[in-house]
Each structure stands twice: as C-alpha cells, then as structure tokens.
Amino acid sequence: MFIGREYELKTLEETYQKPGFQMTVIYGRRRIGKSTLIQKFLQGKRASYYSASQSSLESNIKSWSEQLILDLMPAMEGMSFTDSDAFFKFAGQLGTGERTVLALDEIPYIAEADPSFLSKFQNAIDQIFSQTNIYLILSGSAVSFMEKKILSEKSPLFGRRSNQIFLKPFDYLDSGKFVPGYSPEEKAIVYGLTGGVAKYLTLFDDSKSLDENIVDNYFQTSGYLYEEPFNLLIQEFRNITSYNTVIEVCSQGANKVNEIADKSHISTASLTYILKNLITVGVISKVAPMTDNGNKKKIRYEITDSMYLFWYKFLPSARASIEMHRGDLYYEKNVKPRLHEYMGYIFEGMCQDYTLRLGLEGKLPAFISEVGSWWGTGHDRIPTDIDVVGIDTLGKHAVLGECKFKNDPLDKDVYDRLKDRIGLIDRKYREEALLFFSLSGFSRWMKDEAAKSDGRIQLVTLEEMYDPACIPNLN
C-alpha cells in the first residue's frame, strides 16, 4: 500500500511529460521514503532503477550497467561495463527514442568513492543525455552532501536539473493512514513516536495494541528502533559522541546555545558547528517566536525529529531493563504514564498544522499564512508562551491557540490564561479569534462561551483534526 506523496508524484509526472532531457533531484533524511516514492513513480514506465552501494566506482558502474541492461535490454543479460564513459554512451543510446527514466539512488556513495565522478557525469549529461529523451532522477540521503555537492552553485551538476524535491516526513494526517484501525488518540501517539518517517510508520501494526507496538519497536533488544539514533548518527558523522551529548541535553530541556554548551561541556564554537549539522539532517531546528523572529536572545534549538525526542527522553534510563528483557515492565511503569505529557509538544505542532490548513482555505476569520508559537514576557512580567500563533502578514490579523493533550475536558481556566495573553504578540496584529484544541473535549462552560462568540472562540477536538469533513487536504 502506497500512502500520500500526491504532490511529489504530481511533480515527477509533470516533469516526465515534458519533452527532451529532464532531471529531478530528490533528497531527504534516511528512512523517509525516497526509494519507495521513486519506485512507485516508475511503475508502468520504461525505466531502470539502481541504488548505489558503498564500493568503488568501477564496482558500481558494473552493477549499474547490469541492472540497466536487465531492465531495458534483457536480451543482452550478462553484459556489463566497468568504464563509466562507455557506460554513459550506451545508456544514452537506449534513451534516444521512447521516453526512458533512469533513476540513480544514493548517488553520494558513488561520488564519495571517486571525486571525479560528478565531473564525468556532468560531461555525460552535457554531451550525451541532453540530446536524448531521458528523464534522469538522482536521489540521496546525505542531506548536506546533496545540498553542497549536487544542488549548490559549486557542483558540476549545477544548472542541469529541471527541479528538486526535498522529501519531508509525513504530516500527522498522512501518518494516521498507516494505522487506520487506531483511534485518533492512538494515531497521534504513533505520529509522536515516529516523527512521520515512512519506515518507522510501517513498523506499527494496527492489528496489535499500541502498547505492544511501542514495546516491540523500542523496548526490546531486537526492536528496530532500539538502536536507531546511533545507527543514523554513525552514517552521518564521524565522531558521534558530541552529537549524542548535544541531543541528550536538548531532550532534557536545554534550548539556548549557552545553556546547551554549559550542560554538554562543549565550547560554543564547537557547539555551533554541531548544531548546524544537526539542523541540516533534520534532527534539531532553530526556532524563533512568531512576530519576534529578529530577536536573537529568544532563539531556541529544539529537537523536531520526534523519534529522536522520544528515544532520548525515555531510552537511556531504560537500557538496563531492556537488556534484562524487562523492557515491557519498564515501559508500563515509567513511560506509559508519561505519554500524554510527552505528547504535549507534539500536539502543539499538530494544532499549528491544522490552523495553517484552515487559514489557507479561508475557514478562519483571517487569511492565516504563517503559523508557529510565541514566547516571551507576559503582562505581569513573568515568562509565558502561546502554543499557536497564526498571522495574516498583509492584513495584520492573528489568531491565538491553546492545546491540551490531557484526559480532562478543557475548561474555563485554560480560556482565561489564553485571554490574558491577548496583546502580547506584536501590537500591529489584531487578534481575531481564540482557538482551543483538546484531546478530551470541552466543558459545558467552554461550549456555551464558544456558541455566543460569533466565531471568535473556536473549539477543536482531536477527532475533528482527523476528520476529512473538517479539514481540507492541501496536497
């Protein structure tokens, strides 16, 4: 079953339909689903797909040519090339007539094996492929490599691509489609544990209980996600010790450079480099409060890959229990009771997504085109924050939101807190509505207040956030 990626498939199909040589670059973090997307697109087309290996250029050319011949010229099976120039000429001849798609996955492996490969490939594109009917798809998981060596102006391939696709994790809605048998609450938790990463979502089986899935994947030594952060860090960085320390410190609540440096015992200069790399691979994000993004003092560094966030919050202290094959007991006693607390931050992101969708579709009192959160000093000079801030940058309108992933219905005290925060964001924005998001519904007082507010108070349940009738699909 193939889920989502409508926009990406549409982009690939539209490029495929254009005449002559075309080239698309697809990149994104590991396990995100690039290979699956490419293979889905190739179905029913005259195409060849090859995924490079971490071996020599000659070995890759030999394997690539064997695959190409098997896919496009099976009568020549057994023939292969080891010289890249000869292979490119042969491939070009196969693409002179009918539309032909050549997909090279994990191109960084070949480029790192031989520094001259990209220049040779550029020459092949300019001298051979540009005269053919070939649609070339290049893909890679090493995000920093793809940005610097494939997409940047310094790359030999610069200017050759027709477009590029930066493949991101699934949003909470598409993530829920992987476990259709689960309740909205369970779908949200699955999203909060996987970060919307395709591979991790496929590990959850909705014929089993959510608890069973979490234990099977995280809290036993054979679980796919038990060692996953280390596996990914090792593939991205040479020395992962400092990276591991920084992620662990951030998972414990440190979010400013000086605070992270102090708790990790890493110099500010080294930390800046580490944070930059973690941002590149999508583990950490540099965030600023809405309407105040120019204030450097308010910059935060947050773990936005929730697989890492969950792992570093709960797995380090669980390892002894897991190694003793009692991870299920540890989960039941120490993790399950804290899941709702953990989901608070994840739920805020889901509510921001929902708000943006409604705003862009004109279903809010203002045309909301940017959404985030806000933090700073309250009217009483005490630090405070706002979970959801959506703004209309042209009309200078805004909506504010509060999110609660708790078992209790949301009541008047939450309303009063958000109302007290009106006027805290940039004064040039007029707050048009207050949005309240709740896992467990709302009290009678909240419902009555919303009913007489003429749309200025909107109540949204988690069920509504997953209901297709309540939210547009922007894909």
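The values are calculated or read from the model by the stated rules, or taken from the named source; none is laboratory data. Because the structure is predicted, anything quoted here is derived from the model rather than measured. Note: ideal-geometry Cβ built from the backbone for every residue, glycine included; neighbour counts use all protein chains shown.
Pairing each residue of the stretch 414-430 that is in contact (Cβ under 8 Å) with a residue 24 or more places away in the chain and within 13 Å of T384 (Cα to Cα) with any residue that is among the hydroxyl-bearing types (S, T, Y) and surrounded by 14 or more Cβ atoms within 10 Å (Cβ to Cβ), provided the two are 6+ apart or on different chains, yields C-beta distances under 7 Å for R421/T384; I425/T291. When you look at K286, is it surrounded by fewer than 17 Cβ atoms within 10 Å (Cβ to Cβ) and in contact with a Leu (Cβ under 8 Å, 6 or more places away or on another chain), yes or no? Answer is yes for this residue. All conditions in (1) within 19 Å of the chain's Cα centre (by Cα); (2) closer than 28 Å to Q54 by Cβ; (3) assigned to a loop (DSSP other than H, G, I, E, B); (4) not aromatic (F, W, Y) hold for T221, with the sole exception of (1).
For the subset of the stretch 1-37 comprising residues that are in contact with a strand residue (DSSP E or B) (Cβ under 8 Å, 6 or more places away or on another chain) and aliphatic (A, V, I, L, M), which member is farthest from T194 (Cα to Cα)? Filtering first and then ranking leaves M23. Restricting attention to the stretch 153-173 and to residues that are in contact with a Lys or Arg (Cβ under 8 Å, 6 or more places away or on another chain) and either among the charged types (D, E, K, R) or not in a loop (DSSP other than H, G, I, E, B) (or both), the residue that is modelled with the highest pLDDT turns out to be Y172.
Annotation: of all residues in the stretch 178-189 being in contact with a Phe, Trp or Tyr (Cβ under 7 Å, 6 or more places away or on another chain) and closer than 14 Å to D467 by Cα, the one that is surrounded by the most Cβ atoms within 10 Å (Cβ to Cβ) is K187. S139 meets the conditions (1) surrounded by fewer than 21 Cβ atoms within 10 Å (Cβ to Cβ); (2) touching a Phe, Trp or Tyr at 6+ places or on another chain (Cβ under 8 Å); (3) at pLDDT 95 or above in every case but one. The failed one is (1). Determine which member of the set K333, K313, K297 is loosely packed, with under 13 Cβ neighbours inside 10 Å, under 24 Å from S209 (Cβ atoms) and outside the structural domain of I425 (by TED's automatic domain parsing). Going through K333, K313, K297 in turn, just one is loosely packed, with under 13 Cβ neighbours inside 10 Å, under 24 Å from S209 (Cβ atoms) and outside the structural domain of I425 (by TED's automatic domain parsing): K333. For the stretch 434-458, the set of residues classified as crowded, with 20+ Cβ neighbours inside 10 Å, part of a strand (DSSP E or B) and either in contact (Cβ under 8 Å) with a residue 40 or more places away in the chain or out of contact with any Leu (no Cβ under 6 Å at 6 or more places or on another chain) (or both) consists of L435, F437, listed by residue number.
Of the helices (runs of 4 or more DSSP H) entirely within the stretch 10-98, those holding at least 1 residues that are surrounded by fewer than 18 Cβ atoms within 10 Å (Cβ to Cβ) and touching a residue at least 40 places away in the same chain (Cβ under 8 Å) occupy 34-42. Condition check for G395 on (1) at pLDDT 95 or above; (2) not in a helix (DSSP H, G or I): one failure, at (1).
Check whether at least one residue in the stretch 297-316 is among the small types (G, A, S) and farther than 19 Å from S141 by Cα, and report yes or no. No, every residue in the stretch 297-316 fails to be among the small types (G, A, S) and farther than 19 Å from S141 by Cα. Which of the residues that make up the stretch 35-79 are of a type in the set (D, E), at pLDDT 95 or above and farther than 20 Å from M23 by Cα? Selection gives E58, E66. Applying the criterion of being in contact with a helix residue (DSSP H, G or I) (Cβ under 7 Å, 6 or more places away or on another chain) and under 21 Å from G294 (Cβ atoms) to the residues of the stretch 389-403, the residue that is surrounded by the most Cβ atoms within 10 Å (Cβ to Cβ) is G390.
The set of residues from the stretch 290-310 being in contact with a Ser or Thr (Cβ under 7 Å, 6 or more places away or on another chain) and either part of a loop (DSSP other than H, G, I, E, B) or of a type in the set (V, I, T) (or both) comprises M290, I303, T304.
Number of residues in the stretch 4-22 that are touching a helix residue (DSSP H, G or I) at 6+ places or on another chain (Cβ under 7 Å) and either among the aromatic types (F, W, Y) or within 21 Å of Q122 (Cβ to Cβ) (or both) equals 2.
There is at least one residue in the stretch 54-77 that is more than 28 Å from T36 (Cβ to Cβ) and in contact with a helix residue (DSSP H, G or I) (Cβ under 7 Å, 6 or more places away or on another chain). Under the condition of being basic (K, R), closer than 25 Å to Y345 by Cβ and over 27 Å from the mean Cα position of the chain (by Cα), the residues counted in the stretch 382-408 number 0.
Residue count for the stretch 197-216, restricted to those that are outside any loop (DSSP other than H, G, I, E, B) and buried (at least 21 other Cβ atoms within 10 Å of the Cβ): 6. Does the stretch 228-250 hold any residues that are modelled with pLDDT under 90 and polar (S, T, N, Q), and which are they? Result: Q235, N239. Condition first: without any contact (Cβ under 8 Å) to a residue 60 or more places away in the chain and either of a type in the set (G, A, S) or in contact with a strand residue (DSSP E or B) (Cβ under 7 Å, 6 or more places away or on another chain) (or both). Now tell me which residues in the stretch 143-168 satisfy that. Listed by number, the residues that qualify are S152, S155, G159. Looking across S152, S175, S162, S144, one residue alone is among the hydroxyl-bearing types (S, T, Y), farther than 30 Å from L68 by Cβ and either within 16 Å of the chain's Cα centre (by Cα) or surrounded by fewer than 19 Cβ atoms within 10 Å (Cβ to Cβ) (or both). It is S175.
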